Amino acid sequence: QVQLVESGGGLVQAGDSLRLSCVASGRTFSSYGMGWFRQAPGKERELVAAISWGSASQYYTDSVKGRFTISRDNAKNTGYLQMDSLKPDDTAVYYCAAKSYRGASYYSHSVNDYDYWGQGTQVTVSS
């Protein structure tokens, strides 16, 4: 019984920055790992970044390492994806997702392993 709502997408130029937000309602983030996925036209949905409940563990796909930063504020039930040095190849619909875990991994590359999804927010990067 968790709902996720993303915001913060938009149209920017290459080299610019955006910060995406994901607000959870219904239940706290404290029981879940959080992931950000993206899906570009003609491509499969890709795990971009993930973060554990306590933020001690993070995952980034190679293409965004050094440019994107994932974070969460459990007191506000909100997750974030800070995207810097954006490239046209980052253009996609970005989705936040939550994954329950107990003694298992806080992240997965499979969309089927996530319990809750946001509606998506469009990020467009022009050259």
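Numbers at a glance
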| quantity | calculated |
| --- | --- |
| The stretch 41-51 - phi-based ³J(HN,Hα) in whole Hz, Karplus 6.51/-1.76/1.60, Gly and Pro as x | x, x, 10, 7, 5, 10, 6, 8, 7, 8, 8 |
| Heavy-atom surface of the stretch 1-59, accessible at 1.4 Å and reported per residue (Å²) | 50 Å² |
| In Å, descending, principal axis extents of the Cα set of the stretch 1-88 | 36, 24, 24 |
| Taking the chain and dividing mean pair separation by its residue count, relative contact order in percent (alpha carbons under 8 Å, at least six apart) | 36 percent |
| Net lengthening on full extension, S126/T61 (0.36 nm per residue, minus Cα-Cα) | 21.2 nm |
| Under 5 Å, built H, 5+ apart or other chain: amide partners of V48 | W36, F37, R38 |
| Cleavage-rule hits, trypsin sites (Lys or Arg not before Pro), the stretch 61-127, DSSP coil, Cβ neighbours within 10 Å at most 15 | K65, R67, R102 |
| Inter-probe distance in nm under a simple model that places probes 7 Å from Cα toward Cβ, at A40 and V5 | 3.0 nm |
| Carbon/sulfur fraction of accessible area - the chain, other protein chains in place, 1.4 Å, % | 46 percent |
| Built amide H within the under 5 Å cut-off of D16, gap 5+ | L86 |
| Sequence-separation-based contact order of the stretch 74-127, relative, with Cα cut under 8 Å and 6+ spacing, percent | 47 percent |
| Added length on full extension, which subtracts the Cα-Cα distance from 0.36 nm per residue, S71 to D113 | 13.1 nm |
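The values are calculated or read from the model by the stated rules, or taken from the named source; none is laboratory data. Just so we're clear, the structure is a prediction, and the values are computed from it rather than from any experiment. All Cβ positions, even for glycine, are placed from backbone atoms using ideal geometry, and neighbour counts span all protein chains on display. These accessible areas exclude ligands, DNA and RNA; they are computed on the full protein's heavy atoms, side chains included. Shrake-Rupley method; radii C 1.70, N 1.55, O 1.52, S 1.80 Å.
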